[in-house]
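Undergrad: Got a structure for you, questions after.
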Amino acid sequence: MLEIRRRPTAAAGRITTGAAVLLFLPGFAWAGDRSGPTTPTNLRVLATTPYSVTLTWDASRDRSGIARYVICCADTNSMNAPGDATSFVYTAGLHPGYSFTLRVSAVDGAGNYSKPSNPVTFTPPSDTVPPAKPLLSVTDVGVRHVSLLWSATDDDPKLRYCLAMDGRPLFCTTPETSGTSPPTTSTRSG
């Protein structure tokens, strides 16, 4: 939204020579803005799962607008939330059963950071639910290879799949095996 305001002049109702027009652009990064936003307050945990935590906080204020919030740091990972957010599901670097402490900082349109919020400490619960059995399909068969496709079955970022033939283990995937997370394809020759 663009807002135009006019300073009053002697000729009310018209902009005359010498009148100043001021433009107010919400969220615009003013070059002279060197002060950070107000500190986000009242950071609290709403819910946890084995691999996520839902956080909420009271919004920051700044004359340049809030561009984003930085939620830091679990296992040296951080995540960005949109500037209009006051809650966020954080997933970076969390592990079930380990304690983590997070804080939120606001970043204004000029790139200035607020002071960090109050810290919150939480422990994601243990992951006690085994992954569901994946649906497996054969996508290609050759003389010396077979290509398989299977469904992802869990939200565990470290999930891996192990393949066996005739009860004999062939190999296990790792989260880094392919571009999907967890990997859901494999071609084996032999």
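Undergrad: Could you go through the range 100-121 and let me know if any residue there is among the aliphatic types (A, V, I, L, M), farther than 14 Å from PRO40 by Cα and crowded, with 17+ Cβ neighbours inside 10 Å.
TA: yes
Undergrad: Among the listed residues GLY83, GLY109, which satisfies the condition of being touching a residue at least 24 places away in the same chain (Cβ under 8 Å) and out of contact with any Lys or Arg (no Cβ under 6 Å at 6 or more places or on another chain)?
TA: GLY109
Undergrad: Further, regarding this structure: For the range 46-83: of the residues being touching a Gly at 6+ places or on another chain (Cβ under 9 Å) and acidic (Asp, Glu), which is surrounded by the fewest Cβ atoms within 10 Å (Cβ to Cβ)?
TA: Looking at residues that are touching a Gly at 6+ places or on another chain (Cβ under 9 Å) and acidic (Asp, Glu), I get ASP75.
Undergrad: Then there is this: Search the range 28-41 for residues that are closer than 18 Å to THR86 by Cβ and surrounded by fewer than 16 Cβ atoms within 10 Å (Cβ to Cβ) and pair each with any residue that is among the acidic types (Asp, Glu) and at pLDDT 95 or above when their beta-carbon atoms are under 7 Å apart and the residues are at least 6 apart or on different chains.
TA: Pairs that qualify, where the first residue is closer than 18 Å to THR86 by Cβ and surrounded by fewer than 16 Cβ atoms within 10 Å (Cβ to Cβ) and the partner is among the acidic types (Asp, Glu) and at pLDDT 95 or above, are THR41/ASP58.
Undergrad: State the number of residues belonging to the range 140-159 that are surrounded by 11 or more Cβ atoms within 10 Å (Cβ to Cβ) and at pLDDT 75 or above.
TA: Within the range 140-159, residues that are surrounded by 11 or more Cβ atoms within 10 Å (Cβ to Cβ) and at pLDDT 75 or above number 6.
Undergrad: Continuing with this model, one more query. With the condition being among the aromatic types (Phe, Trp, Tyr), touching a strand residue (DSSP E or B) at 6+ places or on another chain (Cβ under 6 Å) and at pLDDT 90 or above, I'd like the strands (runs of 3 or more DSSP E) fully within the range 46-136 carrying at least 2 qualifying residues.
TA: Because the criterion is at least 2 residues that are among the aromatic types (Phe, Trp, Tyr), touching a strand residue (DSSP E or B) at 6+ places or on another chain (Cβ under 6 Å) and at pLDDT 90 or above, the strands (runs of 3 or more DSSP E) in the range 46-136 that meet it are 87-90.
The values are calculated or read from the model by the stated rules, or taken from the named source; none is laboratory data. None of these values were measured; they are calculated from a predicted model. Quick reminder, even Gly has a Cβ in these numbers, built from the backbone with ideal geometry, and neighbours come from all protein chains shown.
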